[in-house]
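> Can you keep this structure in mind? I'll have questions shortly.
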Amino acid sequence: MSGVYLTGHGGPEALEWRDDIPVPAPGPGQVLVRVAAAGVNNTDINTRVGWYSSDVTGATDAVDQDIEAGGWGGALNFPRIQGGDLCGIVEKVGPNSGFKKGQRVTCPINLPRPRPGSPQGFIALGSEIDGAFAQYCLVEANDFYDVSASPLSDVEIAAIPCAFGTAENLLTRAGVTAGQKVLITGASGGVGLAAVQLAALRGASVWGVTAAAKAEVVKSQGALGTFGRDELPPQDMFDAVIDVVGGPAWASLILALKPGGHYAVSGAIAGPIVEADLRDIYLRDITVHGCTHQAPEVFGRLVELMNTGRIKPLVSRTYPLKDIARAQADFQAKTLPGKLVLLP
C-alpha cells in the first residue's frame, strides 16, 4: 500500500512517501479499514519535530535541536505511520471483531490501555501504533465506533476525533454546564472551534481568543465575542478557561477566572513553560485540569452527536496524502481556520 513513513524526528524531510508498505492483516478482535480521510493535527507535527521531549522548552514552531525521545510516551519506534484522525471503511475483519465489511468507522486518537499501576493508561494512534496516513489502517475492534448513519461526509468525520475529542474532554473535565461563561484560547483552530461549538451546545456563553481576521469565523461557531491574541481578557469573568495555547499569556488566563473557576489545558503551542502567582490560584480556589486521557464515554457522546448530525466541523481545505508536507506547512502558518484533511 501507499503511505507516509515518519523516519525520525525532524523537519518535513523526515516524512517519506512509500508505495511498498505491507498491508497489515487483522488478527482476532482486529479490523483493517481502508482510510477514506485523515485529519491534520498539531500532535502530528509535535511528534515529528520531537516537541513532547522535556528537553524542549519553547513553542511548537521553535524546535531546532536533535531529539531522541520526542513522542507522547517517550521514544518512538521508526518508521512510524502517523495520523490520529481517521475515517475508514471496514475492509477485512479478524475473528470476533463484531464488524462487517463496508461499515464506516472512526476512533479516538487516545486509545485506552489500562494496566497495573496506571488505570488511565493509553496509547495514541499514529504515535505508539501506526495510524491513518496510509491507504489502510489496522485497529483493535474495541476502539472503533460505527458512524455509517452519520449525515457527515468522510472528510468531516475525519476532522472530528482529535479536535472534538480533545475539546469535549476539556469541557467535561472543567465541568462546563448551561449558563456558565467560558473562555477558549486558540479559538480559530481545530480544537478551539470544536470547543466553541460544543460549549455553545451545552448552553454556555462562549468567548474566544483569536486573531481579528478570524473573529467572525469563531462567532459563526457559537461564540458571543472574541479577544485579540495580545488583548488581556477581563478579570474574574469566566467560570472556565479552555486552553490549548499556554505561553506568556498564561497568568492572565488564571486571572480571567472567577473565584472557584476551572482551568483545563491540553496544549501549549505558544510554549510549555509558564509563570504565574500561585496565590492567584490557591487564594481564589482555582482548579487546574491537565487533560489527555479520555474516558470512553467522552468519545461515545461525540459518536452520538456525529450520527445525529448535531455537530459539524469546519474544514478549510483537503490535500492528497502525498502532499502532506504542504498540508502541514499550511497548518503551521495558521492562516486557515478549522481543519485540514488528507485524502489517501
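> Measure out, as a whole number of angstrom, how far apart the alpha-carbon centroids of the stretch 131-176 and the stretch 1-59 sit.
What the calculation gives is 17 Å, centre to centre.
> Would you list D239, D55 from the most to the least accessible area, probe 1.4 Å?
D55, D239
> Please state the shape class of the stretch 194-298: rounded when a/c is under 1.5, otherwise prolate if a/b exceeds b/c and oblate if not, all from the C-alpha gyration tensor. Kindly include the intermediate steps, with their values, before the conclusion.
Numbers: a/c = 1.44, a/b = 1.21, b/c = 1.20.
It comes out rounded by the Cα gyration axes.
> Quick query: amide H of Q82 versus all other amide H atoms, modeled in the peptide plane; which residues come in under 5 Å with a sequence gap of 5 or more or a different chain?
Hits under the 5 Å cutoff: L6, G131, F133.
> Let me ask another. Once R0 is set to 25 Å, what does the formula 1/(1 + (r/R0)^6) return for the Cβ-Cβ distance between D146 and D55, expressed as a FRET efficiency to the nearest 0.05?
Values: r = 42 Å, r/R0 = 1.66.
It comes out at approximately 0.05.
> Where in the chain are the DSSP H helices whose C-alpha atoms run 18 Å or more along the long axis and whose mean Kyte hydropathy is at least -0.5? All intermediate terms of the calculation are to be shown ahead of the outcome.
Numbers: long enough: 161-174 (19 Å, 0.24).
Counting only whole DSSP H runs, the qualifying helices are 161-174.
> Mind giving me the FRET efficiency for Q332 and A295? R0 is 22 Å, r the Cβ-Cβ distance, nearest 0.05 is fine.
So the FRET efficiency works out to roughly 0.10.
> Could you tell me which of the pairs K214/K312; K101/K322; K181/K214; K258/K312; K181/K312; K219/K322 are separated by over 29 angstrom between their Cα atoms in the structure shown?
K258/K312; K219/K322
> Compute the distance from the alpha-carbon center of the stretch 283-310 to that of the stretch 250-279, in whole Å.
Between the Cα centre of the stretch 283-310 and that of the stretch 250-279, the gap is 19 Å.
> Lys/Arg Cβ at +1, Asp/Glu Cβ at -1, dipole of the chain taken about the Cα centre: which of L321, L278, A204 is farthest positive-ward?
It is A204.
> While we're looking at this one, here's another question. What ³J(HN,Hα) values, in whole Hz, does the Karplus curve 6.51 cos²θ - 1.76 cosθ + 1.60 give for the stretch 5-17 when θ = phi - 60°, with x put for Gly and Pro?
Values, residue by residue: 8, 8, 8, x, 6, x, x, x, 5, 6, 8, 10, 6 Hz.
> I would also like to ask the following. Rounded to the nearest 0.05, what FRET efficiency do L201 and D236 give with R0 = 22 Å and r taken as the Cβ-Cβ distance? Could you check?
Result of the calculation: an efficiency of 0.30.
> How much accessible surface area, in Å² rounded to 10, belongs to the heavy atoms of M1 with a 1.4 Å probe?
My reading of the accessible area for M1 is about 30 Å².
> Between L343 and E16, how many nm apart are label points set 7 Å from Cα along the C-beta direction?
Once both label points are built, they end up 2.8 nm from each other.
> Can I ask one more? Given a 1.4 Å probe and every protein chain left where it sits, what share in percent of the accessible area of the stretch 202-344 is carbon and sulfur?
Answer for the stretch 202-344 is 55 percent, counting heavy atoms of protein chains only.
> Would you please classify the overall shape of the stretch 163-208 from the alpha carbon gyration tensor, given that a ≥ b ≥ c denote the square roots of the eigenvalues, rounded means a/c under 1.5, and beyond that prolate means a/b larger than b/c while oblate covers the rest?
Working: a/c = 1.85, a/b = 1.29, b/c = 1.44.
It comes out oblate by the Cα gyration axes.
> To the nearest 10 Å², what's D330's accessible area with a 1.4 Å probe?
Its heavy atoms expose roughly 40 Å² to the probe.
> Is it possible to state the helix-based mean residue ellipticity at 222 nm for the chain, with each DSSP H run of 4+ residues giving -39500 (n - 2.57), the sum divided by total residues, to the nearest 500 deg cm²/dmol? What is it?
Details: 9 runs with 78 residues, N = 344.
Rounded to the nearest 500, the figure is -6500 deg cm²/dmol.
> So how much accessible area does T335 have, in Å² to the nearest 10, using a 1.4 Å probe?
100
> Quick one: grab the alpha carbon gyration tensor of the stretch 115-245, order the square roots of its eigenvalues as a ≥ b ≥ c, and give me rounded if a/c is under 1.5, else prolate or oblate depending on whether a/b is larger than b/c.
prolate
> If DNA, RNA and ligands are ignored and the probe is 1.4 Å, what is the ranking of L305, L336 by accessible area, most exposed first?
L336, L305
> Ignoring ligands, DNA and RNA, how do S220, S188 rank by accessible area with a 1.4 Å probe, largest first?
The ordering from most to least exposed comes out as S220, S188.
> Hey, what's the chain come to in accessible area per residue, 1.4 Å probe, Å²? It would help to have the intermediate numbers written out before the result.
Numbers: 14370 Å² over 344 residues.
Solvent-accessible surface per residue comes out at 42 Å².
> Counting only DSSP beta bridges with both residues in the chain, tell me the antiparallel percent, nearest 5.
So the antiparallel bridges in the chain amount to around 55 percent.
> Between K312 and L224, with labels modelled 7 Å along Cα→Cβ, what's the label distance in nm to one decimal, could you check?
According to this spin-label approximation, the distance is 2.5 nm.
The values are calculated or read from the model by the stated rules, or taken from the named source; none is laboratory data. On a predicted model such as this, the values are computed, not experimentally measured, just so you know. Here Cβ is always computed from backbone atoms with ideal geometry, including for glycine, and neighbour counts include all displayed protein chains. We work out accessible area using only protein heavy atoms, side chains counted, and drop any ligands, DNA or RNA first. Shrake-Rupley method; radii C 1.70, N 1.55, O 1.52, S 1.80 Å.
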